[in-house]
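See structure below.
The values are calculated or read from the model by the stated rules, or taken from the named source; none is laboratory data. Since the structure is predicted, the reported quantities are computational estimates derived from the model, not experimental observations. Don't worry about glycine lacking a Cβ; one is built from the backbone with ideal geometry, like all the others, and counts go over all protein chains shown. We work out accessible area using only protein heavy atoms, side chains counted, and drop any ligands, DNA or RNA first. Shrake-Rupley method; radii C 1.70, N 1.55, O 1.52, S 1.80 Å.
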Amino acid sequence: MCHEGIRIASKEENAREAEEDRPLPRIAVTPEKVRVLVTEGKGMEIDWVDGHKSAWSFAWLREACPCATCMEERKADGRKAGQPKPKPANLLPMYTPPPKPASAQAVGRYAIQFNWADGHSGGIYSWQYLRRVCQCPECTFAADETTGTPN
Ligand SMILES: [Zn+2]
Ligand SMILES: [Zn+2]
């Protein structure tokens, strides 16, 4: 096994990576419409001012929580935003209801916050962050293309 690619980043570095790895034009991070489909339990959809459309399931958003605790946890497990925790293989499968927010609220003009049904609510999902983790085929393809060792 080769662990060459693994780099231990400090907390500050994590935050920086999530927020500033590539500057996005203002129109790309300004939502025109935000739909949080709480009643349907589906997820969130954003139409951006630049015409791009993004959609995420609540399950994905819960696993992409940008609070420091969740970011650290994911980093430690080597999980990407939105990637669920690996389930322990030898435990009986337990029914866990799919993550869903009880409510969501705007944070100033730059972010949205979810009050998850499991009680967690620390994550502030900035428009910048959300646009970066857009899950449409175009963006996920672009993300794959640019994944790799920086320098
Ligand atoms: Zn969190
Ligand atoms: Zn996209």
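For Ile46, the stated conditions hold: it is surrounded by 18 or more Cβ atoms within 10 Å (Cβ to Cβ) and not small (Gly, Ala, Ser). Mind checking whether some residue in the stretch 20-28 is more than 14 Å from ligand 1 (Cβ to nearest atom), at pLDDT 95 or above, surrounded by 11 or more Cβ atoms within 10 Å (Cβ to Cβ) and under 19 Å from Arg131 (Cβ atoms)? Looking for residues that are more than 14 Å from ligand 1 (Cβ to nearest atom), at pLDDT 95 or above, surrounded by 11 or more Cβ atoms within 10 Å (Cβ to Cβ) and under 19 Å from Arg131 (Cβ atoms), one finds at least one in the stretch 20-28, hence yes. Summed over the stretch 54-69, the residues that are near ligand 1 (Cβ under 10 Å from one of its atoms) and open to solvent by 20 Å² or more (accessible area, probe 1.4 Å) give a count of 5. Residues of the stretch 45-70 that are over 15 Å from Gln128 (Cα atoms) and either small (Gly, Ala, Ser) or under 12 Å from the mean Cα position of the chain (by Cα) (or both): Gly51, Ser57, Phe58, Ala59, Trp60, Arg62, Glu63, Ala68, Cys70. Of the residues making up the stretch 99-146, those that are aromatic (Phe, Trp, Tyr) and more than 14 Å from ligand 1 (Cβ to nearest atom) are Tyr110, Trp127, Phe141. Scanning the stretch 74-105 for residues that are touching a residue at least 12 places away in the same chain (Cβ under 8 Å) and surrounded by 11 or more Cβ atoms within 10 Å (Cβ to Cβ) turns up Lys75, Arg79, Ala81, Gly82, Gln83, Pro84, Pro99, Lys100, Pro101, Ala102, Ser103, Ala104. All of Ala81, Ala68, Ala104 fail the test of being within 16 Å of ligand 2 (Cβ to nearest atom) and at pLDDT 95 or above, apart from Ala81.
Here Cys139 fulfils each of the conditions (1) touching a residue at least 60 places away in the same chain (Cβ under 8 Å); (2) surrounded by fewer than 17 Cβ atoms within 10 Å (Cβ to Cβ); (3) in contact with a Phe, Trp or Tyr (Cβ under 9 Å, 6 or more places away or on another chain) apart from (3). Count of the stretch 29-43 residues, restricted to those that are open to solvent by 60 Å² or more (accessible area, probe 1.4 Å), assigned to a loop (DSSP other than H, G, I, E, B) and within 17 Å of Tyr110 (Cα to Cα), is 0.
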